[in-house]
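Shown next, in structure tokens, is the structure this report addresses.
The values are calculated or read from the model by the stated rules, or taken from the named source; none is laboratory data. Treat the numbers as computed from the prediction; the structure is a model and nothing was measured. Quick reminder, even Gly has a Cβ in these numbers, built from the backbone with ideal geometry, and neighbours come from all protein chains shown. Note: areas computed on protein heavy atoms with side chains; ligands, DNA, RNA excluded. Shrake-Rupley method; radii C 1.70, N 1.55, O 1.52, S 1.80 Å.
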Amino acid sequence: MSTPFSLAILAIVTLSLLGLPIGHAMIAGSILYLLVAGQDLSIAAEQLLNGMYTNYVILAVPLFILAAELMNIGSMTERLLRFCDALVGRFRGGLAHVNIVQSVIFAGMSGSAIADAAGTGRMMQAMMTKDGKYPPAFAAALTAASSVIGPIIPPSIPMVIYALVSDASIGFLFLGGVIPGLLMALAQMTIVASEAKRRDFPVEPPIPLRQLPGITWRAFPALMMPVVLLGGIYGGATTPTEAAAVAAAYALAVSVLLYRSVSFRAFYGSLAYSARTTASIGMLIAGALVFNYVVTIENIPDSLRMLLAGWNLSPLGFLILVNVLLLILGCLLEGTAILLIVVPVLIPTAKALGIDMVHFGVVVVVNIMLGLITPPYGLLLFIMTNIAEVPLRLIVRECMPFLGAMLVALALITFFPSLVLWLPRLMGYQG
């Protein structure tokens, strides 16, 4: 590494440790690099503006965030929970299974793990711990683990960001996440079934089958949201970004016109929250765009590719190395930062080894999502600690079996690319 680049890295790390948001730290470190290297400082502004205003795909991020918020302020989530309860609530540990199934359904609407945990997490926590049915730490750990499914099953905000740095097709990335997401859910339900038997979790009173049509009908408009969203993309009617706008409009129309459950105050609050979240992600993307210019100038991706070429790694060996690296980084860094800083450096090597970019993207996103429930950073763990008012160590302990099961699922999609690529190829993907 050159002296300017070393100083830039030192500045970014120091400013981040002092509490400056990492997006701002990357911009500051990149400007320091340009200053020490004797380059025009206006390059930072040029890279930021060109990247932010010419990438149409970035617009999908705030729209998916808004769609999730509009779902939460309406009664869509309550109706979905009732529908999930009617499906799987009758089994031992039924509410735990409901928690997972609702995350799978909610995943087809929001694309955000945090939106899942914050939206339905509070309700599921209250339902599962009422009358001492489930230990609070177990309920919180399960909610955190099931929320991981959100950005794996389409739509997915992390996949949108990965498409931004890799030029992979968002539509095929979305399709590639379906089977891995369902595999994650199956792994979690297996753990729940085992724990329910071992710890004698309660069996909920079964909802009579004659009530199922009515429950399904009341939840039907909410259940149609993934159909509208994904049908528009794969039917060719909309781009993923346009589909995100349609999803937000559909969520608003259903909540306001059909369910009549949205006040103006709640609507304004959802807009304000979505704007704050978007601004936070936007600053991170802006910082990464400027810093990636520095990384490119320093020729870091090609240097890494030549270094790894000397190791004679096979494609599978490289994927295993990437899994280990991202799982470790997930314990320390925020997922979007990993996607924007680390992953672009790995992509040239993955391409040189002939690894499919859709397969690589899904493996990367799954790794980053697992980072949300791995201490010490695990953002979902902190969210559920706040919601459940349970010590973090108890939630971490309860989360370990679910993390282990999902690592097995990660190994399967790593070793067997067809689990990711079968559905995209069925829809015409040529990779």
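Assorted remarks:
- Members of the stretch 244-271 found to be among the polar types (S, T, N, Q) and either over 25 Å from the mean Cα position of the chain (by Cα) or over 22 Å from Asn72 (Cβ atoms) (or both), listed by number: Ser261, Ser263
Residues are listed down the side, and each one gets a yes or a no for (1) of a type in the set (Ser, Thr, Tyr); (2) within 21 Å of Gly371 (Cα to Cα); (3) open to solvent by 10 Å² or more (accessible area, probe 1.4 Å):
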{"site": "Ser156", "(1), (2), (3)": "yes, yes, no"}
{"site": "Val165", "(1), (2), (3)": "no, yes, yes"}
{"site": "Ile179", "(1), (2), (3)": "no, yes, yes"}
{"site": "Met184", "(1), (2), (3)": "no, yes, no"}
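- From the options Gly317, Gly354, Gly330, Gly335, residue that is in contact with a Ser or Thr (Cβ under 8 Å, 6 or more places away or on another chain) and of a type in the set (Gly, Ala, Ser): Gly330
- The residue of the stretch 226-243 that is nearest to Pro151 (Cα to Cα), among those that are of a type in the set (Gly, Ala, Ser) and either within 22 Å of the chain's Cα centre (by Cα) or buried (at least 19 other Cβ atoms within 10 Å of the Cβ) (or both), is Ala243.
- Residues in the stretch 410-431 that are surrounded by fewer than 19 Cβ atoms within 10 Å (Cβ to Cβ), touching a residue at least 40 places away in the same chain (Cβ under 8 Å) and part of a loop (DSSP other than H, G, I, E, B): Met427, Tyr429, Gly431.
- Pairs meeting the criteria (first residue in the stretch 267-279 and over 14 Å from Phe64 (Cα atoms), second residue surrounded by 13 or more Cβ atoms within 10 Å (Cβ to Cβ) and among the β-branched types (Val, Ile, Thr), beta carbons under 7 Å, at least 6 apart or on different chains) are Phe267/Ile73.
- Pairs are defined by a Cβ separation below 7 Å, a sequence spacing of at least 6 or placement on different chains, a first member in the stretch 134-145 that is over 16 Å from Arg199 (Cβ atoms), and a second member that is at pLDDT below 90 and open to solvent by 10 Å² or more (accessible area, probe 1.4 Å); the pairs so defined are Thr143/Gln125.
- Candidate set: the stretch 3-21, residues that are open to solvent by 50 Å² or more (accessible area, probe 1.4 Å), touching a residue at least 24 places away in the same chain (Cβ under 8 Å) and not in a loop (DSSP other than H, G, I, E, B); chosen: the one nearest to Gly335 (Cα to Cα): Leu7
- Residue pairs meeting the criteria (Cβ under 7 Å; at least 6 apart or on separate chains; first without any contact (Cβ under 8 Å) to a residue 12 or more places away in the chain, in the stretch 317-339; second β-branched (Val, Ile, Thr) and surrounded by fewer than 19 Cβ atoms within 10 Å (Cβ to Cβ)): none
- The single condition from (1) crowded, with 20+ Cβ neighbours inside 10 Å; (2) touching a Leu at 6+ places or on another chain (Cβ under 9 Å); (3) over 28 Å from Gly171 (Cβ atoms) that Val358 fails is (3).
- Residues being more than 15 Å from the chain's Cα centre (by Cα) and in a helix (DSSP H, G or I) - total across the stretch 129-160: 11
- Selection status of Ile387, over 28 Å from Leu313 (Cβ atoms) and in contact with a Lys or Arg (Cβ under 8 Å, 6 or more places away or on another chain): yes
- The stretch 244-259, residues that are in a helix (DSSP H, G or I), open to solvent by less than 50 Å² (accessible area, probe 1.4 Å) and over 19 Å from Ser169 (Cα atoms): Ala247, Ala248, Ala251, Ala253, Val254, Ser255
- A single entry from Arg305, Arg265, Arg276 fulfils the requirement of being assigned to a helix (DSSP H, G or I) and touching a Ser or Thr at 6+ places or on another chain (Cβ under 8 Å): Arg305.
- Of all the criteria given as (1) open to solvent by 50 Å² or more (accessible area, probe 1.4 Å); (2) among the hydroxyl-bearing types (Ser, Thr, Tyr); (3) at pLDDT 80 or above, the one not satisfied by Tyr53 is (3).
- Among the residues examined, Gly404 does not qualify as of a type in the set (Gly, Ala, Ser), part of a loop (DSSP other than H, G, I, E, B) and either crowded, with 20+ Cβ neighbours inside 10 Å or out of contact with any helix residue (DSSP H, G or I) (no Cβ under 7 Å at 6 or more places or on another chain) (or both).
- For the stretch 70-104, residues that are touching a residue at least 24 places away in the same chain (Cβ under 8 Å), open to solvent by 30 Å² or more (accessible area, probe 1.4 Å) and part of a helix (DSSP H, G or I) total 7.
- Which numbered condition Val396 fails, given (1) surrounded by 20 or more Cβ atoms within 10 Å (Cβ to Cβ); (2) part of a loop (DSSP other than H, G, I, E, B); (3) touching a Leu at 6+ places or on another chain (Cβ under 9 Å): (2)
- Complete set of residues in the stretch 195-212 that are closer than 26 Å to Arg260 by Cα and under 32 Å from the mean Cα position of the chain (by Cα): Leu212
- Of the residues Leu20, Leu49, the single one that is under 15 Å from Met283 (Cβ atoms) and out of contact with any helix residue (DSSP H, G or I) (no Cβ under 8 Å at 6 or more places or on another chain) is Leu49.
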